[in-house]
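Enquirer: This is the structure I want to talk about, given as structure tokens.
All of the numbers you see were taken from the coordinates with simple rules; none came from a lab. Computed from a predicted structure; not experimentally measured. Don't worry about glycine lacking a Cβ; one is built from the backbone with ideal geometry, like all the others, and counts go over all protein chains shown.
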Amino acid sequence: MVEESDLRVYLEKWDKTYWPTYKVLDILQKVFYRSNPAKEAFVEMCADEYVQKMTFDSYLYKRVVPGNPLDDLKLAVNTIGSLVRANALRKEMEKLSV
């Protein structure tokens with residue numbers, strides 16, 4: 001019979017193994033699903049070959065894989081640029097719709 005202590009041990013292992021994955025997904029959701037311009041920036045980001053490689057590797061190995069720090073920095077800069085561009089486009093579209 002499975003005891004409560006067995007479940008606690010299992011959940012501790014699960015959390016230790018998969019917590020980073022769910023944290024990354026939570027951050028992505030908070031950043032990119034808050035508005036339509038943010039969703040557009042997410043789509044733009046997903047076109048990046050490095051993002052696709054990291055996504056595939058993380059999915060394949062069932063955990064967040066470490067990336068190249070320089071490529072991670074480039075990704076961060078490109079992502080910020082995408083968010084700024086998407087917000088600027090939203091403001092221009094709002095002007096046109098008035």
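Enquirer: Taking the alpha-carbon centroid of each part, what is the distance from the range 1-69 to the range 74-98 in angstrom?
Expert: 25 Å
Enquirer: Moving to a separate point now. Quick one: pull the percentage of alpha-carbon pairs in the chain with a separation above 15 Å.
Expert: Every Cα pair in the chain considered, those over 15 Å come to 71 percent.
Enquirer: Also: Straight-line reach from LYS74: which lysines have Cα under 18 Å away, leaving out those fewer than 8 places along the same chain?
Expert: In chain and number order, the partners are LYS53.
Enquirer: In addition: Once every DSSP H run of n ≥ 4 in the chain is given -39500 (n - 2.57) and the sum is divided by its residues, what mean residue ellipticity at 222 nm do you get, rounded to the nearest 500 deg cm²/dmol?
Expert: -29000 deg cm²/dmol
Enquirer: Using R₀ = 30 Å, calculate the FRET efficiency as 1/(1 + (r/R₀)^6) where r is the Cβ-Cβ separation of ASP71 and TRP14; round to 0.05.
Expert: 0.55
Enquirer: What's the extension gain from LEU25 to LEU7 if we count 0.36 nm per residue and subtract their Cα-Cα distance?
Expert: Once the chain is fully extended between LEU25 and LEU7, it gains 4.0 nm.
Enquirer: Right, next: Given a cut-off of under 8 Å on Cα pairs at least six residues apart, what relative contact order in percent is computed for the range 39-90?
Expert: Working: 21 pairs, mean separation 27.5, N = 52.
Relative CO of the range 39-90 lands at 53 percent.
Enquirer: Here's another thing I want to ask about it. For a quick check: sort VAL31, VAL77 by the number of other beta carbons within 10 angstrom, fewest at the front. Please report the intermediate quantities before stating the final value.
Expert: Details: VAL31 13, VAL77 10.
Least to most surrounded, the residues fall as VAL77, VAL31.
Enquirer: From Cα pairs below 8 angstrom and at least 6 apart in sequence, can you work out the relative contact order of the chain, rounded to a whole percent? Write out the running numbers ahead of the final one.
Expert: Numbers: 42 pairs, mean separation 31.5, N = 98.
Dividing the mean separation by the residue count of the chain yields 32 percent.
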